[in-house]
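K.L.:
This is the structure I have questions about; it appears just below.
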Amino acid sequence: MPDKKDKVCIGHIAEIYLYEYYIAGDRPYELSTEDTYGEHTKKGYELMGEGNYVGALNEWLKALDDDPVSTEALLKIISCHKYLRNIEKEYEYTKKSYDFCCTRSELAAYYRNLGWYYLEIYKPDVSVACYQYSNLFEKSEQVESEIHFLETATKKTYKEADIDQLQKILAENDIPLKANSVTLALLYKAGIEAYETGMKEQSYECFRMVYDLTLDEEILEWMEKAKGESDISG
């Protein structure tokens, strides 16, 4: 009897590479012809808007089941756990999200979510380091708000630390200092395959994500090459 195939809602070559490496392994799978992922995300957004975070969490978990490498679903699951004060679950999914951070914005969200966790477990110095480090990837008003809250609660002023100081604190707590190199390699390979098979727009998107996190000039050349041979505007 053949192995039952997992059915997933994945449409982009970058997600396929990530899914095959991090999730599927040798397990067979097939791409769904139905957009069940979209149905669950739509409902998830609606329920979050209504303040029904238990119901929303259920929908976002179903969405993640449909697309196990979706940072959109992971970030919303994390957000729901924050609202529901599920501290360890927030941390569990934050750690899980790291492998799928493909942009500076997503990586910044990863560090902000760690900042929230360390705040909740009463490690303010680590929390501040995570929040300040996130600002290196994307500025956020949330960071200033959280640090101000910490300063009020601890009656301590947290000055902007330099990168070396921040990285020392993160490293001491086993927190990665940059994007996952394996993920970047997978995105690069996906970009090359997409380019060689004529999917120039998806190729451009893969290289754009890698460049966003590395600023590598060779990747920029690939980006421009793929863009120049596609219908991408701007």
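K.L.:
When you look at Ala190, is it buried (at least 20 other Cβ atoms within 10 Å of the Cβ), not in a helix (DSSP H, G or I) and not acidic (Asp, Glu), yes or no? Even if it seems obvious, please write down each step before you answer.
P.N.:
Numbers: buried (at least 20 other Cβ atoms within 10 Å of the Cβ): yes; not in a helix (DSSP H, G or I): no; not acidic (Asp, Glu): yes.
Criteria not met by Ala190.
K.L.:
Determine if segment 174-182 includes at least one residue that is of a type in the set (Ser, Thr, Tyr) and either in contact with a Cys (Cβ under 9 Å, 6 or more places away or on another chain) or surrounded by 15 or more Cβ atoms within 10 Å (Cβ to Cβ) (or both).
P.N.:
Start the filter on segment 174-182 by keeping residues that are of a type in the set (Ser, Thr, Tyr), which leaves 181.
Applying the additional criterion that residues be either in contact with a Cys (Cβ under 9 Å, 6 or more places away or on another chain) or surrounded by 15 or more Cβ atoms within 10 Å (Cβ to Cβ) (or both) yields none.
No, the conditions are met nowhere in segment 174-182.
K.L.:
Is it the case, given these coordinates, that Leu74 is under 22 Å from Val143 (Cβ atoms), assigned to a helix (DSSP H, G or I) and in contact (Cβ under 8 Å) with a residue 40 or more places away in the chain? Show your work before the answer.
P.N.:
Working: under 22 Å from Val143 (Cβ atoms): yes; assigned to a helix (DSSP H, G or I): yes; in contact (Cβ under 8 Å) with a residue 40 or more places away in the chain: no.
No.
K.L.:
Please name all residue pairs, on different chains or six or more residues apart, with Cβ atoms under 6 Å, provided the first residue is in segment 31-57 and is farther than 28 Å from Ile16 by Cα and the second residue is open to solvent by 40 Å² or more (accessible area, probe 1.4 Å).
P.N.:
Pairs that qualify, where the first residue is farther than 28 Å from Ile16 by Cα and the partner is open to solvent by 40 Å² or more (accessible area, probe 1.4 Å), are Tyr53/Tyr83; Tyr53/Leu84.
K.L.:
On the given criteria, is Tyr133 modelled with pLDDT of 95 or more, closer than 22 Å to Cys102 by Cα and open to solvent by 30 Å² or more (accessible area, probe 1.4 Å)?
P.N.:
Working: modelled with pLDDT of 95 or more: yes; closer than 22 Å to Cys102 by Cα: yes; open to solvent by 30 Å² or more (accessible area, probe 1.4 Å): no.
No.
K.L.:
Next question, about the same structure. Checking Tyr110 against (1) aromatic (Phe, Trp, Tyr); (2) surrounded by fewer than 21 Cβ atoms within 10 Å (Cβ to Cβ); (3) at pLDDT 95 or above, which test does it fail?
P.N.:
(2)
The values are calculated or read from the model by the stated rules, or taken from the named source; none is laboratory data. Remember, it's a predicted structure, so these values are computed and weren't measured experimentally. Positions of Cβ are generated from backbone atoms using ideal geometry, with glycine treated the same way; all protein chains shown enter the neighbour counts. Accessible surface areas use protein heavy atoms only, side chains included; no ligands, DNA or RNA. Shrake-Rupley method; radii C 1.70, N 1.55, O 1.52, S 1.80 Å.
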